[in-house]
Amino acid sequence: MVWMDYGLVCMRRDYWESLCHRWATRPWKETSQAAKHNRAAHPEKNVHTSGSVSYVTHSQKLKTYDRMMADRYADGTPHPDLDSEA
């Protein structure tokens, strides 16, 4: 295991060696290869997300909501009373 000599400074040596041994097992390698194959087969799905909603989609929804609220209350209509304790 070539990578065993390159442990992290912030991790105890015995923890690092334990991880290296785990990563060298057949089940771990099979799972790793399957995940690698899946990521390569579906690159559009391999994005940072917040749950099932991507960051970009979430950001766009927030901008739309902000515009909608600004339009709704721009004419001087009072804002709804919100419970500050909630």
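Values quoted throughout were computed directly from the atomic coordinates according to the rules given, and no laboratory measurement underlies them. Bear in mind that the values here come from a model prediction, so they are computed numbers and not experimental data. As a convention, Cβ positions derive from the backbone with ideal geometry for all residues, glycine included, and neighbour counts pool all protein chains shown.
For Cα extents along the principal axes in Å, the value calculated from this model appears in (i) 38, 32, 20; (ii) 69, 35, 20; (iii) 35, 35, 17 under label (ii). Overall, the chain carries a charge dipole of about 700 debye about its Cα centre when +1 sits on the Cβ of Lys and Arg and -1 on the Cβ of Asp and Glu, all other atoms neutral. A straight Cα-to-Cα reach below 23 Å connects Lys61 with the lysines Lys45, residues fewer than 8 places away in its own chain not being considered. Taking the helices alone, the chain has a mean residue ellipticity at 222 nm of -17000 deg cm²/dmol, built from -39,500 (n - 2.57) per DSSP H run of at least 4 residues and averaged over all its residues.
As a ratio to 2.2 N^0.38 Å, the alpha-carbon radius of gyration for region 1-41 is 1.38.
Each label point was placed 7 Å from the Cα along the Cα-to-Cβ direction; for Ser32 and Cys10 their separation is 2.1 nm.
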